[in-house]
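Any read-out appearing in this document is the output of simple, stated calculations on the displayed coordinates, not a laboratory observation. For clarity, every value in this text was computed on a predicted model and none was experimentally measured. Cβ placement follows ideal geometry from the backbone for every residue including glycine, while neighbour counts extend to all protein chains displayed.
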Amino acid sequence: MTVSPPASHDVTLRPATLDDVPILTAWDREPHVIACSNDDPDADVAFGSDWADEVSNSAYELTYLIAEVDGRPVGVMAVCDPHTEPSHYWGEIEPGLRAIDIWIGPPKWLGRGIGTQMMTMMIDRCFAEAGVTAIVIDPLNSNTAAQRFYRRLGFVEVGRRMFDQDDCLVMRLEKADWQSRQALQA
């Protein structure tokens with residue numbers, strides 16, 4: 001029996017724990033997550049991460065959060081300081097930034113406003129930190145739906161960049177621009 005999502009979509013974010021490893025591993029194999037993470041048509045896993053290691057080593061440099069609706073996990077976010085995170089994924093980048101990754105796990109939650117709520121909450125959290133001046137993201141250049149989503153939130157294109165084998169479009173949201181948008185919506 002399939003359970004439909006509730007009519008109310010109040011999203012909460014909580015730190016990921018080792019109890020979330022099975023669901024993160026399952027979401028890593030969802031076709032829509034794979035399609036957003038790389039352009040390899042033969043890929044059968046999005047990130048292939050050792051989720052137990054990722055979650056247990058989650059620290060200020062890279063923190064994973066689980067999004068829930070009515071206590072049920074529906075998505076995950078990763079946030080880091082791209083200037084200090086140990087893998088140097090972003091290369092040489094100025095301080096005062098945050099980088100965010102987001103994905104919805106179960107396909108039934110796509111297109112229901114969950115991602116918008118998740119991003120809004122995380123953007124607010126990031127900009128509440130002293131010294132954070134902007135947020136960067138790196139959707140695949142081929143992922144035009146994600147790019148439209150980020151533009152609706154106020155992100156602007158910085159330019160294309162290769163991250164390993166991934167052709168991405170780096171986008172950025174300035175704190176002042178976010179605050180202006182929020183003031184207009186209030």
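Below, the figures for the structure above:
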read-out: The chain - percent relative contact order, Cα under 8 Å, separation 6 or more; value: 17
read-out: Residue among Leu65, Leu173, Leu153 with the largest mean-square fluctuation in a Gaussian network model of the chain, springs linking Cα atoms under 10 Å; value: Leu153
read-out: Value of relative contact order over region 10-52, rounded to a whole percent, pairs C-alpha under 8 Å and six or more apart; value: 37
read-out: Backbone N within region 132-149 under 16 Å of label point (7 Å from Lys175 Cα along the Cβ vector); value: 132-136
read-out: Size-normalised alpha-carbon gyration radius of the chain, reference 2.2 N^0.38 Å; value: 1.00
read-out: For the chain, built as a Gaussian network whose Cα springs stay under 10 Å, the top-fluctuating residue of Ala43, Ala78, Ala35; value: Ala43
read-out: Added length on full extension, which subtracts the Cα-Cα distance from 0.36 nm per residue, Glu68 to His83; value: 2.5 nm
read-out: Length-normalised contact order for region 21-79 - Cα pairs under 8 Å, 6+ apart - percent; value: 23
